[in-house]
Amino acid sequence: MNRTNQTRRPKPASHPQAARKTARAHGTPIYIWQDCKIIEVSLEGVSVAVENRKVALDVLKLDAQNPRIGLYKDSQPKAVFSDDEIRHAIVNRGPDAYTKLRDSIEINEGIIHAIWIAPLEHGQHLVIEGNTRVLIYRELAEKYPANEAWKSIPANVLPLGINDSQINFVRLEAHLRGITPWDAYERARYLYILNEKEGYSVTRLEQLTRLRRAEIETEIRAFRDMSEVYSAKFPDDPYQSQKFSYFVEYERNNRLKQQVQKVGLGIADFCDWVGTQRLPKAENVRTLSDILGDSKATQCFLQDGYDQAIQYLALAQADLVSPVFQRIEDVIEKLRGLTFYEVEEIRTGKQPGRKRLLEELAKVACQIWQRVSEDEEDAGDEEDNSKT
């Protein structure tokens with residue numbers, strides 16, 4: 001959410017405690033009204049006035065559409081969830097992280113970033129972003145019943161009439177840039193829902209999330225593979241979300257998909273390999289195209305599993321299983337996963353150490369590439385000379 005300016009909201013002049021002051025900031029009046037202020041933010045390119053103030057905990061309802069509890073929701077045979085069930089899903093998705101955040105909020109006597117809420121009926125509000133922090137405030141309010149600080153929480157209050165598209169925008173922005181890392185499975189699930197069920201085009205998602213188009217398309221395809229094929233084959237797999245990285249590796253590797261089709265197999269077979277642990281680790285998917293490209297290695301893989309196939313390949317084509325180049329593949333994978341915001345922090349100098357490492361990596365890679373591509377360049381020059 002892009003904050004364009006901040007204004008304070010005026011109370012009526014007749015209010016006995018009203019203390020209004022007026023000033024100018026970028027041509028916009030600023031009104032001071034106790035602890036409430038109006039913040040103008042841009043939601044999908046539309047300027048919206050948002051109240052920033054403390055809100056009582058008893059008027060807040062947890063968000064059953066919270067993208068961070070997608071896995072829990074998918075595992076339940078119902079569509080409506082109580083606050084207690086949402087609390088269970090949030091706390092148990094990462095108990096250690098929840099405890100650390102609770103301890104931090106307790107020690108610092110509050111939160112730094114306000115939550116985001118939207119108005120419901122009868123004075124209630126839906127927590128669009130900040131469900132975990134609301135739960136923690138509730139816990140601390142019970143622990144310190146005499147302390148008024150825990151009975152209300154700083155919030156950005158969206159106005160009446162806010163539409164679903166703008167709420168989705170807040171969810172995306174908050175979770176992508178939030179203080180808690182967004183699980184890859186849950187992020188892909190939300191992108192899939194917006195694309196498949198809400199009608200968001202990939203171009204629109206690209207603009208909203210600042211993620212690369214290829215990354216969005218890969219995650220949507222990977223989640224579709226899991227939800228439509230893998231889940232049907234292995235409905236009781238308790239570690240399903242942890243298998244998501246297998247499908248990301250598969251969907252971003254066009255050469256692998258071609259090799260799978262070339263040997264007369266498909267995504268259903270890949271799901272079997274993942275579900276039966278024929279592929280022990282997600283990183284094994286990266287060398288699967290090399291295995292399927294060799295008929296003997298393919299036979300070993302289908303009969304005896306990945307380890308036997310890679311042992312054969314190490315003897316037949318030792319260059320394919322070099323530890324150094326496997327680590328390079330890991331680095332490439334991590335760099336591809338950098339978000340727009342992480343890259344911006346490096347570009348603007350906020351991460352000087354990372355910028356230095358990238359510079360060194362680029363120099364070394366360029367030097368080695370120049371050396372290994374000399375023959376190709378010479379061959380190209382000779383071909384051009386022969387044509388002339």
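The values are calculated or read from the model by the stated rules, or taken from the named source; none is laboratory data. If you're wondering where the values come from, they're calculated on a predicted model, not measured in any experiment. As a convention, Cβ positions derive from the backbone with ideal geometry for all residues, glycine included, and neighbour counts pool all protein chains shown.
The table that follows gives values for the structure above.
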{"read-out": "Segment 366-380, residues that are part of a helix (DSSP H, G or I), surrounded by 10 or more Cβ atoms within 10 Å (Cβ to Cβ) and at pLDDT below 85", "value": "Ile368, Glu374, Glu377, Asp378, Ala379, Gly380"}
{"read-out": "Helices (runs of 4 or more DSSP H) completely within segment 105-216 that count 1 or more residues being within 19 Å of Val59 (Cα to Cα), under 19 Å from the mean Cα position of the chain (by Cα) and assigned by TED's automatic domain parsing to the domain that holds Asp63", "value": "131-143, 164-176"}
{"read-out": "Within segment 236-327, helices (runs of 4 or more DSSP H) holding 1 or more residues that are touching a helix residue (DSSP H, G or I) at 6+ places or on another chain (Cβ under 8 Å) and free of Cβ contacts under 8 Å to residues at least 12 places away in the same chain", "value": "254-262, 267-275, 306-316"}
{"read-out": "Those residues of segment 193-226 which are surrounded by fewer than 17 Cβ atoms within 10 Å (Cβ to Cβ) and within 26 Å of Val274 (Cα to Cα), in sequence order", "value": "Glu196, Ala214"}
{"read-out": "Scan of segment 227-244 for residues that are over 21 Å from the mean Cα position of the chain (by Cα) and either crowded, with 19+ Cβ neighbours inside 10 Å or at pLDDT below 85 (or both), ordered by number", "value": "Tyr230, Asp236, Asp237, Pro238"}
{"read-out": "Residue tally, condition under 13 Å from Asp272 (Cα atoms) and among the small types (Gly, Ala, Ser), over segment 233-260", "value": "0"}
{"read-out": "In segment 93-111, residue surrounded by the fewest Cβ atoms within 10 Å (Cβ to Cβ) [restricted to those that are more than 25 Å from Tyr72 (Cα to Cα) and in contact (Cβ under 8 Å) with a residue 40 or more places away in the chain]", "value": "Glu109"}
{"read-out": "Strands (runs of 3 or more DSSP E) (entirely within segment 13-66) containing at least 2 residues that are among the β-branched types (Val, Ile, Thr), under 37 Å from the mean Cα position of the chain (by Cα) and at pLDDT below 50", "value": "28-31"}
{"read-out": "Selected residue (criterion: nearest to Cys36 (Cα to Cα)) from residues of segment 119-156 that are surrounded by 19 or more Cβ atoms within 10 Å (Cβ to Cβ) and touching a His at 6+ places or on another chain (Cβ under 9 Å)", "value": "Ala155"}
{"read-out": "Residue match in segment 71-88 (condition: over 28 Å from Asp237 (Cβ atoms) and either modelled with pLDDT of 85 or more or over 19 Å from the mean Cα position of the chain (by Cα) (or both))", "value": "yes"}
{"read-out": "In segment 334-364, the residues that are without any contact (Cβ under 8 Å) to a residue 60 or more places away in the chain, assigned to a helix (DSSP H, G or I) and among the charged types (D, E, K, R)", "value": "Lys334, Glu342, Glu344, Glu345, Arg347, Arg354, Lys355, Arg356, Glu359, Glu360, Lys363"}
{"read-out": "Residue count for segment 217-230, restricted to those that are in contact (Cβ under 8 Å) with a residue 40 or more places away in the chain and more than 27 Å from Gly293 (Cβ to Cβ)", "value": "1"}
{"read-out": "Count of residues meeting criterion [of a type in the set (Lys, Arg) and either assigned to a loop (DSSP other than H, G, I, E, B) or touching a Leu at 6+ places or on another chain (Cβ under 7 Å) (or both)] in segment 74-104", "value": "2"}
